[in-house]
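Heads up: the structure comes next, in structure tokens.
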Amino acid sequence: MSIIVLRETGKTLQDSFAKIFEHFNYSPRGNIFIKPNFSARPPIIQGENTDPIFLRELSKFLIKNGARKIIIGHGALLGIKEKTFPFERIINKGGFASLRDIKGVNILNIDDIEQNTVESNGVKFSVPKILQEVDFYINLAKMKSHMETDVSLSLKNQMGIVSPMDRVNIHKNDLDDYIAHIGKSVKPNISIIDGIIAMEGNGPHDGKSRKLNLILAGDDMVELDSLTAYLLGFDCKKILHIAAAQKLRVGNYPTNNTLEAVSKYKIYDFIRAEKFQKFLKNIYVWPTKSCSRCITVLKEYGKHVKKQPFKNLKFIKKAALGKEKINIIIGRADDLEFSNLEKNVCIGFCARNFAIKHGIKNLDKCPPSVRETIEYINEELNQ
Ligand code: SF4
């Protein structure tokens with residue numbers, strides 16, 4: 001197994017792709033499937049989303065060098081009744097629609113096509129059937145920090161390949177383990193991580209873009225993600241989904257020699273994601289292992305408070321001036337611990353175990369509506 005690390009500012013992408021394909025001794029041919037990372041919800045942040053120029057240049061490179069057809073496959077983003085993120089809107093707002101003008105390039109909504117079931121140690125997922133029919137599969141990830149999984153690299157990027165229902169179920173189960181199982185079931189021929197403009201801080205949605213001018217590629221996702229995490233300052237063995245994937249034999253950790261050979265690319269001041277988002281003086285939102293549906297509900301709740309401050313005066317006073325720390329907990333927070341002096345508000349089915357363990361109430365819905373969340377938070381904080 002092998003890895004290549006390249007300095008790239010975005011100006012010599014064709015050369016970089018040539019070096020990558022040469023390094024792995026691959027020639028583009030037949031039908032090639034690319035899984036990008038169209039994860040951006042407005043406002044679109046460069047470090048969060050696949051760069052349309054990167055994808056355009058990669059598609060052009062593949063066609064020019066022998067590929068028959070490029071299939072860029074992605075689905076809609078998980079949303080809620082009050083706020084959806086349909087596929088076509090992602091394509092248009094993300095700046096990807098013009099890729100359709102390149103001869104031989106198709107953009108496919110993978111939620112709408114025939115699915116096959118794949119399995120890893122009894123864990124089953126629905127993936128697009130076309131993945132098993134193409135000649136070559138490129139897993140095109142973005143380099144990001146992540147509040148729930150520390151980093152989002154090639155293993156995490158594959159979460160977008162499974163059906164929306166699977167994605168929801170993954171969050172109800174063991175997120176790290178399930179990411180590893182996807183890696184075991186679906187193996188790309190090559191994974192490319194675009195770190196030209198990466199994301200640091202509270203990624204994937206609330207971090208900051210950072211120009212790192214790096215591209216990495218590998219044919220072993222454990223090795224590639226571990227090495228990338230090392231460059232960003234992490235101990236890869238402590239990143240749970242990478243460790244789970246290594247245990248499942250999705251791939252191997254890089255050797256010390258390999259790490260040493262790339263250490264000149266290390267970023268010494270990369271800002272990691274925190275485990276919470278803080279609002280005003282007292283509100284701490286803990287996404288733990290939540291899917292983006294509960295996150296969206298809370299974002300909509302925040303918008304509601306901003307829009308109607310007088311209606312939410314009690315909440316604002318407690319949040320800005322009160323003496324009590326208020327934790328809003330979503331997702332499977334099984335391992336979180338707080339002092340008894342703090343107020344905990346649990347939202348969503350996944351936070352149920354945390355609520356039971358601490359003898360508190362929970363808004364036990366998957367996902368709750370925005371209205372239910374507004375009423376529930378008001379009720380909890382007005383006690
Ligand atoms: S309860 Fe919330 S976080 Fe859990 S699966 Fe449902 S929507 Fe996602």
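The values are calculated or read from the model by the stated rules, or taken from the named source; none is laboratory data. Not measured: the values here are computed from a predicted model. Virtual Cβ from ideal backbone geometry, glycine too; neighbours counted across all protein chains shown.
Observations
- As for region 158-167, it holds at least one residue that is within 16 Å of the ligand (Cβ to nearest atom), more than 30 Å from ILE53 (Cβ to Cβ) and in contact with a helix residue (DSSP H, G or I) (Cβ under 9 Å, 6 or more places away or on another chain).
- Qualifying residue in region 41-53 (condition: within 16 Å of the ligand (Cβ to nearest atom) and not aromatic (Phe, Trp, Tyr)): yes
- One residue stands out in region 306-332 among those that are touching a strand residue (DSSP E or B) at 6+ places or on another chain (Cβ under 6 Å) and within 25 Å of LEU175 (Cα to Cα): the one that is nearest to the ligand (Cβ to nearest atom), namely ILE330.
- For region 334-360, the set of residues classified as modelled with pLDDT under 95 and in a loop (DSSP other than H, G, I, E, B) consists of ASP334, ASP335, LEU336, GLU337, PHE338, SER339, ASN340, LEU341, GLU342, HIS358, GLY359, ILE360, listed by residue number.
- Among residues of region 347-366 being over 18 Å from VAL168 (Cα atoms) and among the hydrophobic types (A, V, I, L, M, F, W, C), the one that is surrounded by the most Cβ atoms within 10 Å (Cβ to Cβ) is PHE354.
- Residues that are in contact with an Asp or Glu (Cβ under 7 Å, 6 or more places away or on another chain), within 11 Å of the ligand (Cβ to nearest atom) and without any contact (Cβ under 8 Å) to a residue 40 or more places away in the chain, drawn from region 345-376: ARG352, LEU363, LYS365
- Residue that is modelled with the lowest pLDDT, among those in region 367-383 that are surrounded by fewer than 20 Cβ atoms within 10 Å (Cβ to Cβ) and assigned to a loop (DSSP other than H, G, I, E, B): GLN383
- Qualifying residue in region 66-77 (condition: part of a strand (DSSP E or B) and within 16 Å of the ligand (Cβ to nearest atom)): yes
- Flag for LYS211 being within 24 Å of GLN46 (Cα to Cα), out of contact with any Pro (no Cβ under 8 Å at 6 or more places or on another chain) and away from the ligand (no atom under 16 Å from the Cβ): yes
- When LYS299, LYS306, LYS318, LYS323 are checked against the criterion of being surrounded by fewer than 12 Cβ atoms within 10 Å (Cβ to Cβ) and assigned to a helix (DSSP H, G or I), a single residue qualifies: LYS306.
- Inspection of region 173-183 finds a residue satisfying the criterion of being polar (S, T, N, Q) and outside any strand (DSSP E or B).
- Filtered by the rule that a residue be within 9 Å of the ligand (Cβ to nearest atom), over 14 Å from LYS365 (Cα atoms) and among the hydroxyl-bearing types (Ser, Thr, Tyr), region 280-291 gives a lone residue, THR288.
- Residues of region 63-83 include none that is farther than 17 Å from TYR137 by Cβ and buried (at least 22 other Cβ atoms within 10 Å of the Cβ).
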